[in-house]
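Every read-out reported here was derived from the displayed coordinates using simple, explicitly stated rules and does not represent laboratory data. Just so it is clear, the model here is predicted, and its values are computed rather than measured. Glycine also receives a Cβ, built like all others from the backbone with ideal geometry; neighbour counts cover every protein chain displayed.
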């Protein structure tokens, strides 16, 4: 039965005869194997259908390009520019649009041209990239200024691509005029230095985007919706700011149907909030969307870090926007809308904004290490088709899960969802494992909500939870399970440093934040040391110094996390020394050798260490053999991250048939 808690979020909205069943859009995101040679793959079709089935009002297919000459920056886009599509090509895309619309979602696709930031090796024939103005980039690449004739040609390519999209079953297109791509290059004074009628005032800079919209409308007719994504502010020196974007929105509303408000530029994605980080507020672009909505009469979409239906409900109810678009949250929980509608919002897996992907390098000459797009909180993400084809259980099994951390809980409710009888034993008095500290660390509120969602899902699926219960061989033998999933976790690695007993582990430091003094030394500059140190600095107002043996800090974090965290560490006054060897911890001093081998001292009222964790292999060994089917998962297998813990717990449960 539908829940009336989010009445504004679930109010339909009709534009030009197209009805959106609620106010939540699935913004354009890519995934693994989404496109091959311009065709949607079975995995790609399934991924987008999964979002439509999950209740989104609109599903937008990832960035595709309007020609095969200048516009494309990668091969993930659909070939929607060709005038001579083969039957199999057309049928593949029509299967995609049919799959989206089968569940009541509106099918959309993002069209883009990357313009001046393209690379000659990407452009067909190795020509110079094109943009509003000619210049030589910092990497030495010459960008050619677009003539009016070329602008007409590119605008025509947009229209032809849009017509193909309409013919293939899409209800609308999204024109990307943000994040530093071609349309926004014309809008931004940072990149548009023209002195003709296409440069200067915002009215002039808007002429080329208007040309594109006019040609699309002329070719596609009044019943085809046009959504335009803009950066409400580029958040960069010399770039577009909100007042000009409000004026542009007032102008462009005559030619489009929906304004979609993001921010920033792609090549400084974290710094400018094109992709928000865990340290940015949720709905980080909502103020930009609200400013634009106050000035226009067409509907406005806000995007940027939303991961809670209550946030969406409040934004729409307050009149700050008409729709909210979710990006990475689609990976975290494609059932977001359905769960909110049916009163199961406590089971939504919130996006942690930990970067399920790293943006592609703008330089195709670089040799990147391949990396699949996977989600920390949802092991189904980007694997939907493969796991949907997994064999179903041939019987109801008795499953014992030992350990109530992330891996154990994910295994437990997954096994229960597949029809098994599941018991979970946890020796502590609460579920959550090492995530107890998220009750304190305000930067980890989404991780805390993920923990709570796991608990809710265990309860909802009927997992029998036994707290304050330490499983032994005798316990296992008496319960006679058909399978045991051992997820007994890990413990802090204690570095072999003289006097280390005078220090506290980083997580234990959360137990008592009323620490006297202001000098804090953290031994270990990995993700845990840096993130906890940043929180402690904010909470205590302490002077935090990190001592790291490697050549840099935060090396176990991805590029996006480093971009978000390290500048903030500097801003709050944290300092760090790398390439050091810590020799001794005393009551008030940490003795270490610097990178040159010189002896140094760091004064400390509190010493904390974060040297990683080690698996509880002794517990695992004491239990092995008590059941023929005995699978070890997560940190109990090898101490790593939440992503591995969820995935291995999930896999272990899926293998019980």
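Listed values, structure above:
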| item | result |
| --- | --- |
| Cβ-based exposure ranking for 158, 198, in which fewest neighbours within 10 Å come first | 198, 158 |
| Sequence-separation-based contact order of segment 500-611, relative, with Cα cut under 8 Å and 6+ spacing, percent | 36 |
| Euclidean distance of C-alpha centroids, segment 527-550 and segment 7-48, integer Å | 41 |
| For the chain: relative contact order, % (alpha-carbon pairs under 8 angstrom, 6 or more apart) | 11 |
| Sites residue 491 and residue 427 - FRET efficiency at Förster radius 22 Å, r taken between beta-carbons, to 0.05 | 0.95 |
| Computed E for residue 386/residue 342 - FRET, C-beta separation, R0 22 angstrom, nearest 0.05 | 0.25 |
| Distance between segment 62-113 and segment 372-387 - C-alpha centres, whole angstrom | 22 |
| The chain - mean residue ellipticity at 222 nm from DSSP helices (-39,500 (n - 2.57) per run, n ≥ 4, rounded to 500) | -9000 deg cm²/dmol |
| Overall form of segment 520-657 per C-alpha gyration tensor (a/c, 1.5; a/b vs b/c) | prolate |
| Whole-Å distance, taken between Cα centres, linking segment 440-504 and segment 222-248 | 47 |
| Förster radius 56 Å - calculated FRET efficiency between residue 102 and residue 595 (Cβ-Cβ, nearest 0.05) | 0.40 |
| Percentage relative contact order, segment 13-347, counting C-alpha pairs under 8 Å, at least six apart | 15 |
| Label assignment, Kirkwood radius over Cα pairs in Å derived from the structure, set [x] 24.8; [y] 26.8; [z] 30.3 | [y] |
| C-alpha long axis of helix 445-460 to longest principal axis of the chain, angle in ° | 70 |
| Net lengthening on full extension, residue 581/residue 13 (0.36 nm per residue, minus Cα-Cα) | 198.3 nm |
| Contour excess over end-to-end distance, with Cα ends at residue 469 and residue 500 and 0.36 nm allotted per residue | 8.0 nm |
| Shape of segment 13-347, Cα gyration tensor, a/c cut at 1.5 | oblate |
| Footprinting exposure proxy for 445, 426 (fewest neighbouring C-beta atoms within 10 Å first) | 445, 426 |
| Relative exposure of 469, 646, judged by other C-beta atoms within 10 Å (fewest first) | 469, 646 |
| Angle in degrees between helix 207-220 and the longest Cα principal axis of the chain, rounded to the nearest 10 | 80 |
| DSSP bridge pairs, segment 500-611: antiparallel proportion in percent, nearest 5 | 40 |
